[in-house]
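We did not get these values from a lab; they are worked out from the coordinates using the rules stated. Given the structure is predicted, the values throughout are model-derived calculations rather than measurements. Note: ideal-geometry Cβ built from the backbone for every residue, glycine included; neighbour counts use all protein chains shown.
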């Protein structure tokens, strides 16, 4: 029976959003990857088209060979990590089709994920991280806000999407913690340091003073110039500008600040599972990659402790 692949993708995205609570960013990524897959089917005749409609395909023809052809097409212009992500999206999509009874088996299950190159996450040394934070000028409302934003990311190791989603009520000044809504709408409580709390308080006090009124408690924690919620892209641009002014040579993004948090915690002796909880990682293996950047600490410990060097 012929089906419109685009309609199936739309139904799938609606399902993972409403039933599984996937975030807007995750759904957008799935839409992009599956949309590229649908485009491949149309452009490269990956399936037998019906005579009635050029955009409809016989769904039973979605097999392993067709997916291998798609991966071969991707190999020409994509990294292994990108191919792995797109294959994962296909597996999840086909699993949905099997659940709906449109396919008997998942054709992507038998295809191995491309072996990934082990990447060492970028991070800033402690002195450069402090230099970056201390370089933020706090004589304006925007400066106070930017200082509070980057202090919070470094203090808590949260994702930039988690930070932009925070409301003022998510900060607990009494217990020095913040409430974070992570991937899959999973909530977690994360400790926050005194310097970050002080930066947030200084920003909110200046904001209330300049606006001439108390800002709503249930509103966004960090605001743009129009008093709306900041976007992840806006924060990335603010950080990019700050890095240039600071004269750092390491490419720094909000996610690099998250890497820096994890690396510094592990370097200071924090337990790996504690860091996993703080970062909101589902798998411990995701957190373990930060141990690779701590080899200097391990070597130093070895040199000091081993009796026969």
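Key figures
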quantity: Label point distance in nm, residue 271-residue 82, each placed 7 Å from Cα along Cα→Cβ; calculated: 4.1 nm
quantity: Cα-projected label distance for residue 303 with residue 137, points at 7 Å along beta-carbon direction, nm; calculated: 4.2 nm
quantity: Two-site label geometry, residue 253 and residue 10: point separation in nm, points 7 Å out along Cα→Cβ; calculated: 3.1 nm
quantity: The chain, helix-only ellipticity at 222 nm - DSSP H runs n ≥ 4, -39,500 (n - 2.57), divided by all residues, nearest 500; calculated: -17000 deg cm²/dmol
quantity: More than 12 angstrom apart: percent of Cα pairs within region 78-117; calculated: 57 percent
quantity: Alpha-carbon Debye profile of region 115-178, log10 I(q)/I(0) at 0.17, 0.22, 0.24, 0.25 Å⁻¹; calculated: -0.76, -1.07, -1.16, -1.19
quantity: Cβ-Cβ FRET estimate between residue 31 and residue 227, R0 fixed at 25 Å, reported to 0.05; calculated: 0.25
quantity: Translational D in µm²/s for region 126-302 (Stokes-Einstein at 25 °C, 0.890 mPa s, Kirkwood Rh from C-alpha pairs); calculated: 145 µm²/s
quantity: Normalised convex hull volume, region 185-257, alpha-carbon set, Å³ per residue; calculated: 148 Å³
